[in-house]
């Protein structure tokens with residue numbers, strides 16, 4: 001399907017969501033409709049539904065080599081607790097890649113983590129990458145495993161993971177990023 005059609009469908013869905021929210025706000029709609037479409041999981045369901053309508057297919061390439069997948073955040077030099085997450089340091093800057101399929105729910109600047117990108121993965125984990133140098137994706141863009149999200153500016157990055165709405169403790173994050181959890 002052409003990109004114009006995809007954008008048209010996305011705009012119609014966005015207008016629908018905002019229209020229902022406004023109608024609920026001014027009292028035309030008496031039932032709380034927006035509570036059903038304001039969580040990250042709802043956006044994932046909507047993304048999958050729209051993808052199934054427009055017939056989006058995954059592109060695959062067959063290779064003959066044995067895949068050896070490198071886990072990008074496993075090679076940290078040190079990891080220190082910071083706010084709700086950790087600051088991990090690395091020997092060299094590297095690209096920050098998506099750990100799975102998901103939706104970018106935030107890109108911007110925060111006091112806590114500087115230039116930041118947050119991804120809600122299809123498995124429900126919400127991962128925040130902070131103190132990044134440059135962001136490669138726009139908010140509410142879908143990502144696939146391995147897509148470049150951002151580039152590290154320095155040899156350190158802020159990492160925070162929310163699972164089922166609960167922030168994982170710093171001690172657990174070392175294991176989380178050392179294993180291929182996706």
Lone qualifier among 89, 113 - being touching a strand residue (DSSP E or B) at 6+ places or on another chain (Cβ under 9 Å), surrounded by fewer than 15 Cβ atoms within 10 Å (Cβ to Cβ) and either closer than 15 Å to residue 157 by Cβ or at pLDDT below 65 (or both):
89
Mind listing whichever residues of region 1-20 are more than 23 Å from the chain's Cα centre (by Cα), at pLDDT below 75 and within 18 Å of residue 140 (Cβ to Cβ)?
20
Quick one: is residue 133 in contact (Cβ under 8 Å) with a residue 40 or more places away in the chain, at positive phi, outside any helix (DSSP H, G or I) and in contact with a strand residue (DSSP E or B) (Cβ under 8 Å, 6 or more places away or on another chain)?
no
Which one is surrounded by the fewest Cβ atoms within 10 Å (Cβ to Cβ), of the residues in region 92-109 that are over 13 Å from residue 120 (Cβ atoms) and touching a residue at least 60 places away in the same chain (Cβ under 8 Å)?
92
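The values are calculated or read from the model by the stated rules, or taken from the named source; none is laboratory data. The model shown is predicted, which means the values in this text are computed figures rather than measured ones. FYI the Cβ positions are ideal-geometry reconstructions off the backbone, even for glycines, and counts take in every protein chain you see.
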